[in-house]
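Data block below; observations after.
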Amino acid sequence: MTENVVLLDVPPIRQLYHWDCGLACSRMVLKYLRPTTDEEFQRACWELKMTESVWTIDLAYLMRHLGIRHCFCTQTLGVDKGFKNQSFYKKHFDTEEDRVNELFLKAGNKGVTVKKCSVTVEEIQSHLEQGHVAIVLVNAVILTCELCSSPVKYCCFLPVGQKCFCRKPEYQGHFVVICGFNRTTGCIFYNNPAYSDRVCYTSLENFEEARRSYGTDEDILFIFKES
């Protein structure tokens, strides 16, 4: 039976730096699934040699490392060379390209589930109806929460206390945890690691535009509760 409203109790956790939104989302998901100590989480990150450049494939490896059932869906199995010209990717692109491509190549042998496919909103909703959650890569410049009084400025992803004088970029990759939806009002609920005190929501149209924006590769990491 399809439900009209689903809102899973995923605890919001705020990111500590401008680069660790993906790790904050992973911690939210783990807290929702099962008790995981900070020590266990830090050790897993250390064993996987995770740096300040965290890609969706890194989060898939992290889930596998912690024994969490997952499925990473993406448009590109590896790094899209077109991203090299985007300011968001420019800084780390050359050093990261080989590392990320290698992670994709070895995924199957390492027990990391990766699929090249496009995912529909209906599939995401069906996943949530079963009590499962997902980490989604979005363009933070486009994603707008209807609850927050002002749009999240991409600058807020800078370390606390740092001023931002840069112009608004076209793309700012950011991870959020999708935790529910309302079919009647046509909205999606999500935890934004920029905050630790709220569940955000946006229209299906805005969510679709933000997650399909050029730069995201439509990356989505499905996480499954133990069946």
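Okay, here's what the table says:
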item	result
Cross-chain or 6+ apart pairs with Cβ under 9 Å, the range 206-218 first and open to solvent by 40 Å² or more (accessible area, probe 1.4 Å), then of a type in the set (G, A, S) and part of a helix (DSSP H, G or I)	Y214/G82
Residue match in the range 86-101 (condition: aromatic (F, W, Y) and touching a Pro at 6+ places or on another chain (Cβ under 9 Å))	yes
Close pairs from the range 38-55: first more than 16 Å from M28 (Cα to Cα) and touching a residue at least 12 places away in the same chain (Cβ under 8 Å), partner among the aliphatic types (A, V, I, L, M) and in a loop (DSSP other than H, G, I, E, B), Cβ under 9 Å, at least 6 apart	W55/V79
Members of the range 60-81 found to be surrounded by fewer than 20 Cβ atoms within 10 Å (Cβ to Cβ) and without any contact (Cβ under 8 Å) to a residue 24 or more places away in the chain, listed by number	H65, G67, K81
Residue check for L33: touching a helix residue (DSSP H, G or I) at 6+ places or on another chain (Cβ under 6 Å) and touching a residue at least 40 places away in the same chain (Cβ under 8 Å)	no
Residues of the range 146-184 classified as within 16 Å of L204 (Cβ to Cβ) and either exposed (fewer than 13 other Cβ atoms within 10 Å of the Cβ) or modelled with pLDDT under 90 (or both), total	3
Neighbours by Cβ (under 6 Å, 6+ apart or cross-chain): first from the range 96-111, loosely packed, with under 15 Cβ neighbours inside 10 Å; second not in a helix (DSSP H, G or I) and not hydrophobic (A, V, I, L, M, F, W, C)	N101/G78
Residues within the range 179-227 that are assigned to a loop (DSSP other than H, G, I, E, B) and over 14 Å from E146 (Cα atoms), tallied	19
Residue ID - surrounded by the fewest Cβ atoms within 10 Å (Cβ to Cβ), chosen from residues in the range 193-205 that are of a type in the set (S, T, N, Q) and free of Cβ contacts under 8 Å to residues at least 60 places away in the same chain	S203
Extreme residue, least open to solvent (accessible area, probe 1.4 Å), among residues of the range 16-59 that are out of contact with any His (no Cβ under 7 Å at 6 or more places or on another chain), within 14 Å of L103 (Cβ to Cβ) and of a type in the set (S, T, N, Q)	T56
Which numbered condition Q130 fails, given (1) open to solvent by 10 Å² or more (accessible area, probe 1.4 Å); (2) within 18 Å of the chain's Cα centre (by Cα); (3) modelled with pLDDT of 95 or more	(2)
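The values are calculated or read from the model by the stated rules, or taken from the named source; none is laboratory data. Treat the numbers as computed from the prediction; the structure is a model and nothing was measured. Every residue, glycine among them, receives a Cβ derived from its backbone with ideal geometry; neighbour counts consider all protein chains shown. Surface areas here come from the heavy atoms of the whole protein model, side chains and all, with no ligands, DNA or RNA. Shrake-Rupley method; radii C 1.70, N 1.55, O 1.52, S 1.80 Å.
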